[in-house]
Amino acid sequence: MADDISLDGRTLAGVANDEDGEVSADTLFHFEQEGERIYANYFGGSVVDGHLVGTFDGEQWDIRYTQINTENETATGHSIGDVELLDDGRIRVEDEWEWESKPGKGESVHEEVDQ
């Protein structure tokens, strides 16, 4: 059941992203969850430091994120992601995102990695 999915303590990495995005396979997201509230710190690849906050209803997340990249550019955005539990117990998220601080939007995929 989707209600059994929790992001708490899980680490996800980007496995696919559109051209306007900065997240890559080298970007790791470290999640915490309290009820429906989710939080993550992320870094790697061109992202030096990033933070996200949002909600997760067991099937979909709704998040806002802010980050700084290796060029010392800051950026903010919003995304809605469909979260699913894979057969092997890992989490996969298909995400539609849009920058709020600059032009650009796209789709990305994140999957849980072993840590």
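Below are the figures for this structure:
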| quantity | calculated |
| --- | --- |
| Calculated from backbone phi, Karplus (6.51, -1.76, 1.60) coupling profile of the range 74-84 in Hz, x at Gly/Pro | 9, 8, 10, x, 9, 8, 10, x, 8, 9, 9 |
| Whole-Hz couplings from phi, Karplus 6.51/-1.76/1.60, listed for the range 32-44; x for Gly and Pro | 10, 9, 10, x, 8, 8, 10, 9, 8, 9, 9, 6, x |
| Solvent-accessible surface (1.4 angstrom probe) belonging to HIS51, in square angstrom, nearest 10 | 80 Å² |
| Relative contact order (%) - criterion: Cα under 8 Å, at least six apart; region: the range 50-115 | 22 percent |
| Accessible area expressed per residue, the chain, with surrounding protein chains retained (probe 1.4 Å, Å²) | 56 Å² |
| Local electrostatic count at ILE91 - Lys and Arg +1, Asp and Glu -1, tallied over other residues with Cβ under 9 Å | 0 |
| Net charge of neighbours whose Cβ lies under 15 Å from the Cβ of SER101, counting Lys and Arg as +1 and Asp and Glu as -1 | -3 |
| Rounded percent of accessible protein surface that carbon and sulfur make up, the chain, 1.4 Å probe | 43 percent |
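The values are calculated or read from the model by the stated rules, or taken from the named source; none is laboratory data. All values reported here derive from a predicted model rather than from experimental measurement. Glycine also receives a Cβ, built like all others from the backbone with ideal geometry; neighbour counts cover every protein chain displayed. Accessible surface is based on the protein model in full, side chains and every heavy atom, while ligands, DNA and RNA are left aside. Shrake-Rupley method; radii C 1.70, N 1.55, O 1.52, S 1.80 Å.
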